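Notes to accompany the following structure.
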Amino acid sequence: MSSPLSAADLPSLSLAAGGSLRGQVRVPGDKSISHRALLFGAIAEGRTRIEGLLPAEDPLSTAACLRAMGVGVSPIQAGEPVLVDGVGLDGLAEPEDVLDCGNSGTTMRLMMGLLAGRHGRHFVLSGDASLRRRPMRRVVGPLAEMGATIAGRAGANLAPLAIQGQRLHRATIRTPVASAQVKSAILLAGLSAQGPTTVIEPALSRDHSERMLQAFGADLRVGGRAGTEVTVLPGAVLRGQEVVVPGDISSAAFWLVAGAITPGAELTVENVGLNPSRTGILEVLEAMGARLEVRNRRVVAGEPVGDLHISHGPLRAFAIGGDLIPRLVDEIPVLAVAACCAEGVSRISGAEELRVKETDRLAVMARQLGAMGAQLEELPDGLTIEGITPLHGAVLDSETDHRVAMSLAVATLVARCDSQLLDPGAAAVSYPGFWDDLARLRC
Ligand code: S3P
């Protein structure tokens, strides 16, 4: 039976200006935690049961790759627990075909770490046009130091990537960028290396892998400045777990900014993951003077969770950079929208990593918000944005990027006339119900 056509299936969407937002919303499961629950469940002994897994395109890519290597993963449907029948650390079968990672950088990079040590087996990883443009040397390099054999285009920097599984040796690796994907790939490779593997980051990136690997039984030591030095010792047996995935703070961010900038708005976002390595967005909104309240703080399956209440109010400009950037890296596009509605000049620096996300998010946001009349300057490593600038309606384009699509939708709420958004379906990569939630919350 075919499902009814939804807003996300349309080539473009009309987004009406004006009105407000009111009500409660539950954002879907955290994307980073969802990928990890599937991957770690796959290499554990026994069954893993995942509640609240994000039923979106990116985790579906991870699940499809795992199934192609003989892992039993039950169908991923909203509201249903997902069961993963683990095959053990070295139980992944050689796939008969290319593993398609779709749009998902996390799938490709974490998979590289997992597969590099599968001795005697051959794997090819590829993905969509966006993923095939994203740099992979940042993972290939460290894994090569451990003895991995990975070939690819542009000196093994671009997918498709061919991995010939090897016995890996121990290493101590200093990563030049704070990236949880790079860190996690090295830790996964280290699980079966011949000796302890240490990864040292320049600043703390999200630590979901560390927390969840420990919960699965891995022998992991976390130290250094603020947890930036992680050592994995091989030999521990991972055991299937019950994982409860909290709502994704990166998806909640769209409602937080929408609530903060839209006159009359009042929103509650329920059950949001509040891992400190992800809560930079809350700190910035607080510094802007947003009317934000965290309610009902609790810990669910090892991750802090709470409900976020936001209402409209005057906002001040912000300045962000340095070690804060990895703690809000995915929220910068929507923070750029907030900056247009904040009094003063907002400055985003040290964010050159945005240029190698699903799109070059600095260029895309500058282009798209510029089309709405935003006063901004694109810098090599960030943006300068002057507010308060009234935005006007425009023909906008997500340029295939999920977070751009949703950030622009937030901007259109405060525009002076209606907008048209091309390729709204991109949102399905991380938040398939976004357009339905938007329609429901509007008043
Ligand atoms: C992710 C890490 C971040 C983030 C991405 C998800 C993860 O990327 O941008 O959306 O799940 O590990 P980097 O680790 O490359 O910064």
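The values are calculated or read from the model by the stated rules, or taken from the named source; none is laboratory data. This is a predicted model, so every value here is computed, not measured. Cβ atoms come from the backbone with ideal geometry, glycine included; neighbour counts cover every protein chain shown. What goes into the accessible areas is simple: the full protein's heavy atoms, side chains included, and nothing from ligands, DNA or RNA. Shrake-Rupley method; radii C 1.70, N 1.55, O 1.52, S 1.80 Å.
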When the Cα atoms of segment 214-258 are enclosed in a convex hull and the volume is divided per residue, what value in Å³ results?
97
Site residue 367, offset 7 angstrom along Cα→Cβ, radius 17 Å on amide nitrogen, limited to segment 380-406, gives 380, 382-383, 394-406
Where Rh is the Kirkwood radius over Cα pairs, Rg/Rh for segment 193-307:
1.07
Taking a cut-off of 16 Å, what percent of all Cα-Cα pairs in segment 1-110 are separated by more than that?
65
Dimensionless Rg ratio for segment 31-244, taking C-alpha atoms and the 2.2 N^0.38 Å reference:
0.92
Could you identify which residue out of 293, 96, 352 has the top mean-square fluctuation in a GNM of the chain using Cα springs shorter than 10 Å?
96
Roughly what would the spin-label model give for residue 377 and residue 242, points 7 Å off Cα along C-beta, in nm?
5.6
Once each part is reduced to its C-alpha centroid, what is the distance from segment 57-124 to segment 191-234 in angstrom?
21
Could you compute how fast segment 363-425 diffuses translationally, taking Rh as the Kirkwood radius over C-alpha pairs and applying Stokes-Einstein at 4 °C with viscosity 1.567 mPa s? Give it in µm² per second.
110
Accessible area per residue for the chain in Å², computed with a 1.4 Å probe and the full protein assembly in place, what is it?
36
Using modelled backbone amide H atoms (1.01 Å from N, in-plane), which distant-in-sequence or interchain residues come within less than 5 Å of residue 242's amide H?
49
Binning at 5 angstrom from zero up to the longest distance, how are the C-alpha pair distances of segment 140-233 distributed in percent?
3, 14, 25, 23, 19, 11, 4, 1
Jot down the radius of gyration and Dmax of the chain, Cα atoms only, both in angstrom.
21.1, 62
What is the list of residues in segment 184-220 whose amide nitrogen lies under 11 Å from a point 7 angstrom out from the Cα of residue 119, following Cα to Cβ?
193-194
Rounded to the nearest 10 degrees, what's the angle between the helix 31-43 long axis and the longest principal axis of the chain, both from Cα atoms, 0 to 90?
10
